[in-house]
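**Student:** Let me begin by handing over the structure; questions about it come next.
The values are calculated or read from the model by the stated rules, or taken from the named source; none is laboratory data. Please read these numbers as outputs of a predicted model, since none were measured by experiment. Note that we place each Cβ from the backbone using ideal geometry, even for glycine, and neighbour counts take in every protein chain shown.
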Amino acid sequence: MVQAEIKTTFEAGPVTFTARHELWDGNIQDHADQGVSIVVQAEVNGEKTILLRFNCFDIERSYIYGPENPDLKSDGPMMLAGRTENSTGMGKMYRMDPTADGNPIGWTMKTIKKQLPEMLDRAGYPEIAKEIDLEVLADVVLELEASARELFVAKRNTVKHNRGTDIFEAGNIRFGLEMRRLPVGDGGLAIHVLTDVGGSTEKSFVEETEIMAFDLFWDGPHYHYGPRNKNHRIYWDRTLVTDYLGWVLDKIDGKKLGAMIERAGYPGIAADLDQDMIDAVLPALTTKAREMLALGESLTGHPGLPADVTPNLVTN
């Protein structure tokens, strides 16, 4: 079945709205996050210019006045005189309050519909603000909102890895070890944290799900919170962390895994962890993991890296 492409660009008089999905990797773009950005653009001095930007992400919920306006001024309140930073420069960021403002896409659409002229004026573009037709804008916002909401769910980056070749049962979770190799040549030992969700284990519809993944790659080592859920991915600082397996084992041994699983979106699984059972399998898991690291070193010159590509369980 061929799926229709999602329309992402909409015009409303002098301005153009563009919605797109963005994936941020921790320590690459910024923090680990995913969501939809919405930018408002127009011609300024003959060049396409971003006037406003809205970040409607899982974590990052913010909006920026004049991100490309070098003349934008921002004076803080008198009570903070001398303590505000970036009083002039490219853009002024404000953050939505997730408690008071609710869903970031919903808040953004209501704000654009009601107060776009005021925001454009604040961003330093009063002449463009005067050209906005609120009736035309209201119709465009309906389409823009539908597009943004569809992008948020349809374009989310998630992944279904293999479960691993060596499995270690530990109560309500299990660990899977795998030697992985990507088509680009990066790879290494992967540690999959798995559990059964969607039904009791005797039901036919129960599904094993990877809730954490640690990819100890030689070039791009990283780990995933909820690979099939939010899939927030963080790359290690290779200056500070050089023993990736040691880092993972330290978190497991230090009883941090529960908090990590909860952050991944599985609080019920985290609540039912049995640390004694986890501790019991750690010695055997550690021994096997180090064997796989050594095997990769002998095969390819990189710890845990096999000679052949190992595709993910589901590629799309």
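**Student:** Filter segment 177-224 down to the residues that are farther than 14 Å from Y244 by Cα and of a type in the set (V, I, T) and list them by number.
**Tutor:** V184, V193, T195, V197, T201, V206, T209, I211
**Student:** Give the number of residues within segment 103-127 that are over 18 Å from V141 (Cα atoms) and under 21 Å from the mean Cα position of the chain (by Cα). Before the answer, list the steps.
**Tutor:** So in segment 103-127, the residues over 18 Å from V141 (Cα atoms) come out as 121-127.
In the following step, the residues that additionally are under 21 Å from the mean Cα position of the chain (by Cα) were identified as none.
Result for segment 103-127: 0.
**Student:** Does segment 148-167 hold any residues that are under 23 Å from L282 (Cα atoms), touching a residue at least 40 places away in the same chain (Cβ under 8 Å) and surrounded by fewer than 20 Cβ atoms within 10 Å (Cβ to Cβ), and which are they?
**Tutor:** The answer is N162, R163, D166.
**Student:** Moving on. Return yes or no: is L273 touching a helix residue (DSSP H, G or I) at 6+ places or on another chain (Cβ under 9 Å), among the aliphatic types (A, V, I, L, M), in a helix (DSSP H, G or I) and modelled with pLDDT of 95 or more? Full working, then the answer.
**Tutor:** Numbers: touching a helix residue (DSSP H, G or I) at 6+ places or on another chain (Cβ under 9 Å): yes; among the aliphatic types (A, V, I, L, M): yes; in a helix (DSSP H, G or I): no; modelled with pLDDT of 95 or more: yes.
Answer is no for this residue.
**Student:** Criterion first (under 21 Å from I28 (Cβ atoms) and in contact with a His (Cβ under 8 Å, 6 or more places away or on another chain)) does N229 satisfy it?
**Tutor:** Against the criterion (under 21 Å from I28 (Cβ atoms) and in contact with a His (Cβ under 8 Å, 6 or more places away or on another chain)), N229 does not qualify.
**Student:** Okay, moving on. Taking I6 as the residue in question, decide whether it is part of a loop (DSSP other than H, G, I, E, B), surrounded by fewer than 19 Cβ atoms within 10 Å (Cβ to Cβ) and either at pLDDT 95 or above or touching a strand residue (DSSP E or B) at 6+ places or on another chain (Cβ under 6 Å) (or both).
**Tutor:** Numbers: part of a loop (DSSP other than H, G, I, E, B): yes; surrounded by fewer than 19 Cβ atoms within 10 Å (Cβ to Cβ): yes; either at pLDDT 95 or above or touching a strand residue (DSSP E or B) at 6+ places or on another chain (Cβ under 6 Å) (or both): no.
Against the criterion (part of a loop (DSSP other than H, G, I, E, B), surrounded by fewer than 19 Cβ atoms within 10 Å (Cβ to Cβ) and either at pLDDT 95 or above or touching a strand residue (DSSP E or B) at 6+ places or on another chain (Cβ under 6 Å) (or both)), I6 does not qualify.
**Student:** Being crowded, with 18+ Cβ neighbours inside 10 Å and either within 19 Å of the chain's Cα centre (by Cα) or in contact (Cβ under 8 Å) with a residue 60 or more places away in the chain (or both) is the filter here; which residues of segment 43-57 pass it?
**Tutor:** Within segment 43-57, L51, L52, R53, F54, N55, C56, F57 meet the criteria.
**Student:** Moving on to the next point. Within segment 18-65, track down each residue that is within 17 Å of A129 (Cα to Cα), in contact with an Asp or Glu (Cβ under 6 Å, 6 or more places away or on another chain) and of a type in the set (A, V, I, L, M).
**Tutor:** I50
**Student:** Can you pull out the residues in segment 96-115 that are surrounded by 14 or more Cβ atoms within 10 Å (Cβ to Cβ), more than 15 Å from D58 (Cβ to Cβ) and either acidic (D, E) or in contact with a Leu (Cβ under 6 Å, 6 or more places away or on another chain) (or both)?
**Tutor:** Within segment 96-115, none qualify.
**Student:** Show the residue pairs that are 6+ apart or on different chains and have beta-carbon atoms under 6 Å apart, the first residue being within segment 242-260 and in contact (Cβ under 8 Å) with a residue 40 or more places away in the chain and of a type outside the set (D, E, K, R), the second being in a helix (DSSP H, G or I) and surrounded by 11 or more Cβ atoms within 10 Å (Cβ to Cβ).
**Tutor:** As it stands, the answer is L245/A289, since those pairs meet every condition given.
**Student:** At least 2 residues that are touching a Lys or Arg at 6+ places or on another chain (Cβ under 9 Å) in each: list the helices (runs of 4 or more DSSP H) lying fully within segment 69-162 that qualify. I'd like the intermediate steps shown before the answer.
**Tutor:** On the way: elements: 98-101, 104-122, 126-130, 134-154.
Here the list reads 98-101, 104-122, 134-154.
**Student:** Would you say A294 is closer than 22 Å to G188 by Cβ and in a helix (DSSP H, G or I)? It would help to see each step written out before you state the result.
**Tutor:** On the way: closer than 22 Å to G188 by Cβ: yes; in a helix (DSSP H, G or I): yes.
In short, yes.
**Student:** Okay, next question. So is H302 surrounded by fewer than 20 Cβ atoms within 10 Å (Cβ to Cβ) and either touching a residue at least 40 places away in the same chain (Cβ under 8 Å) or in contact with a strand residue (DSSP E or B) (Cβ under 9 Å, 6 or more places away or on another chain) (or both) or not? Can you show your working first?
**Tutor:** Details: surrounded by fewer than 20 Cβ atoms within 10 Å (Cβ to Cβ): yes; either touching a residue at least 40 places away in the same chain (Cβ under 8 Å) or in contact with a strand residue (DSSP E or B) (Cβ under 9 Å, 6 or more places away or on another chain) (or both): yes.
For H302, the condition - surrounded by fewer than 20 Cβ atoms within 10 Å (Cβ to Cβ) and either touching a residue at least 40 places away in the same chain (Cβ under 8 Å) or in contact with a strand residue (DSSP E or B) (Cβ under 9 Å, 6 or more places away or on another chain) (or both) - is met.
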